[in-house]
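The values are calculated or read from the model by the stated rules, or taken from the named source; none is laboratory data. All of these numbers come straight from a predicted model, not from anything done at the bench. As a convention, Cβ positions derive from the backbone with ideal geometry for all residues, glycine included, and neighbour counts pool all protein chains shown.
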Amino acid sequence: MIDLRSDTLTAPTAGMRQAMAHAEVGDDVYGEDPTALRLQERAADLLGKESALFVPTGTMANQLALLCHCERGNEVLVGEGNHCVLYESGAGAAWAQVQFTVVGSGGLFSADAMIAAIKPREYHFPQTRLCALENTHNRSGGRIFPQAEVERIASAAHAHQLAVHLDGARLWNAAVATGQSVRTLASPADSVSACFSKGLGAPVGSVLAGSRDFIARARRYRKMLGGGMRQVGVLCAAALYALDHHVDRLAEDHQNAKRLASGLANLPNVRCNPQAVETNILVFEPLKLDAPTFVAKATSLGVRMNPISATHIRAVTHLDITKSQIDEALSILARC
Ligand SMILES: Cc1ncc(COP(=O)(O)O)c(C=O)c1O
């Protein structure tokens, strides 16, 4: 089975398992896990923030950011298809109790569109408090938020007393694709989340980074939500291993996604634009079948993918997918 459903499907490599098995550990709720402390220091430094906190999931990182930046009833501006709105089980409404407003269409948006969405500081309106960006943008097919626009958005947001949170679940993909460091990409944002369990191939774990005070508050919320973990160094060791061994190789995933998209563009039964593929995610349209039927047929022949609507399918390349599997997938998809 060639599994292109998500980059979260990767299994830890032998080297990563070794690193996990030999991790030095302590009780992290007491702040005594040396591997967790080492990872948090390294992540803060890489992301260019004062402090960082290891959390089990990207979802928890985003939710902690909402809790720390916002009060109940505040408005959060997001792009279309934002992960917090679409894929976090309504957690933003349940925990931080914020209201989301979608800016623009297609996931990325301009500073002008964001400014136009900020509500007047008048008591009828929700208080717009946060602008949340996603880089890369999952739902739109792993698109990279242009950095110049991120900078314009952040300076306009700050001028209007809004904070900026960057969901960088796949920030390393954006960094490798653009040649910019994650520090540069995260620098306009007040807080940033990043995942080790996607393209980097760790089994579990994300990080939230921001100011020292912000992370101290996030640590308290993490405990409230049941995310205070004990000998968590075994997981942090996998994340450290991923940082050492799996960042540069993301370029291979991007090449494989391009290869898949270029192959699909030559098939008569699908529509796919290879120019739109910027990182490791691609979205395409079957022309003769609806998306769920196409996906069911592909699965029966040995390629798994996710339909993201009645008409569109998402395929994701990752650590466990080789170039020859991409070619094999293409010959299978030609028969769907
Ligand atoms: C952009 C984005 N943010 C956050 C998450 C949440 O990560 P997790 O599955 O670890 O909760 C994902 C997961 O795919 C994602 O794509």
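If LYS223 satisfies all but one of (1) closer than 30 Å to GLY26 by Cβ; (2) assigned to a loop (DSSP other than H, G, I, E, B), what's the number of the condition it fails?
Single failed check for LYS223: (2).
Among the residues of segment 247-273, write down those that are in contact with a strand residue (DSSP E or B) (Cβ under 6 Å, 6 or more places away or on another chain) and either outside the structural domain of LEU319 (by TED's automatic domain parsing) or farther than 19 Å from ILE2 by Cα (or both).
Matches in segment 247-273: ARG271, CYS272.
For segment 206-239, give me the residue count where each residue is within 13 Å of the ligand (Cβ to nearest atom) and surrounded by 24 or more Cβ atoms within 10 Å (Cβ to Cβ).
First, the residues of segment 206-239 that are within 13 Å of the ligand (Cβ to nearest atom): 206-208, 225, 227, 235, 239.
Now narrow it down to the ones that are surrounded by 24 or more Cβ atoms within 10 Å (Cβ to Cβ): 206-208, 235, 239.
Selection size over segment 206-239: 5.
Across segment 118-137, what is the number of residues that are among the small types (Gly, Ala, Ser) and surrounded by fewer than 17 Cβ atoms within 10 Å (Cβ to Cβ)?
Going residue by residue through segment 118-137, those that are among the small types (Gly, Ala, Ser) are 132.
Right, trim to surrounded by fewer than 17 Cβ atoms within 10 Å (Cβ to Cβ) and you get none.
Residues meeting the conditions: 0.
If a residue must be within 15 Å of the ligand (Cβ to nearest atom), assigned to a loop (DSSP other than H, G, I, E, B) and of a type in the set (A, V, I, L, M, F, W, C), how many such residues does segment 115-167 contain?
The qualifying residues number 2.
Among (1) surrounded by fewer than 22 Cβ atoms within 10 Å (Cβ to Cβ); (2) touching a residue at least 24 places away in the same chain (Cβ under 8 Å), which single condition is VAL164 missing?
All conditions pass for VAL164, except number (1).
Touching a Ser or Thr at 6+ places or on another chain (Cβ under 6 Å), in contact (Cβ under 8 Å) with a residue 60 or more places away in the chain and in the same structural domain as ALA202 (by TED's automatic domain parsing): does that describe GLY48?
Values: touching a Ser or Thr at 6+ places or on another chain (Cβ under 6 Å): yes; in contact (Cβ under 8 Å) with a residue 60 or more places away in the chain: yes; in the same structural domain as ALA202 (by TED's automatic domain parsing): yes.
Here the answer is yes, as GLY48 does meet what is asked.
Taking ALA257 as the residue in question, decide whether it is touching a helix residue (DSSP H, G or I) at 6+ places or on another chain (Cβ under 9 Å), buried (at least 22 other Cβ atoms within 10 Å of the Cβ) and assigned to a helix (DSSP H, G or I). Lay out the reasoning, then the answer.
Working: touching a helix residue (DSSP H, G or I) at 6+ places or on another chain (Cβ under 9 Å): yes; buried (at least 22 other Cβ atoms within 10 Å of the Cβ): yes; assigned to a helix (DSSP H, G or I): yes.
Here the answer is yes, as ALA257 does meet what is asked.
Within segment 260-282, identify whether any single residue is hydroxyl-bearing (Ser, Thr, Tyr), at pLDDT 95 or above and assigned to a loop (DSSP other than H, G, I, E, B), and answer yes or no. Show your work before the answer.
First, the residues of segment 260-282 that are hydroxyl-bearing (Ser, Thr, Tyr): 262, 279.
Those left that are additionally at pLDDT 95 or above: 262, 279.
Now drop any that are not assigned to a loop (DSSP other than H, G, I, E, B), which leaves 279.
For segment 260-282, residues hydroxyl-bearing (Ser, Thr, Tyr), at pLDDT 95 or above and assigned to a loop (DSSP other than H, G, I, E, B): present.
Among (1) part of a loop (DSSP other than H, G, I, E, B); (2) within 20 Å of GLU252 (Cβ to Cβ), which single condition is LYS288 missing?
(2) is the only condition that LYS288 fails.
How many residues are of a type outside the set (Gly, Ala, Ser) and within 25 Å of the chain's Cα centre (by Cα) if we restrict to segment 119-164?
Within segment 119-164, the subset of a type outside the set (Gly, Ala, Ser) is 119-131, 133-139, 143-147, 149-153, 158, 160-162, 164.
Then keep just the ones that are within 25 Å of the chain's Cα centre (by Cα); that gives 128-131, 133-139, 143-147, 149-153, 158, 162, 164.
Of the residues in that region, 24 qualify.
Within the group SER140, SER197, SER181, which residue is closer than 27 Å to VAL316 by Cβ, surrounded by fewer than 22 Cβ atoms within 10 Å (Cβ to Cβ) and touching a strand residue (DSSP E or B) at 6+ places or on another chain (Cβ under 9 Å)? Lay out the reasoning, then the answer.
On the way: SER197 fails: surrounded by fewer than 22 Cβ atoms within 10 Å (Cβ to Cβ); SER181 fails: touching a strand residue (DSSP E or B) at 6+ places or on another chain (Cβ under 9 Å).
It is SER140.
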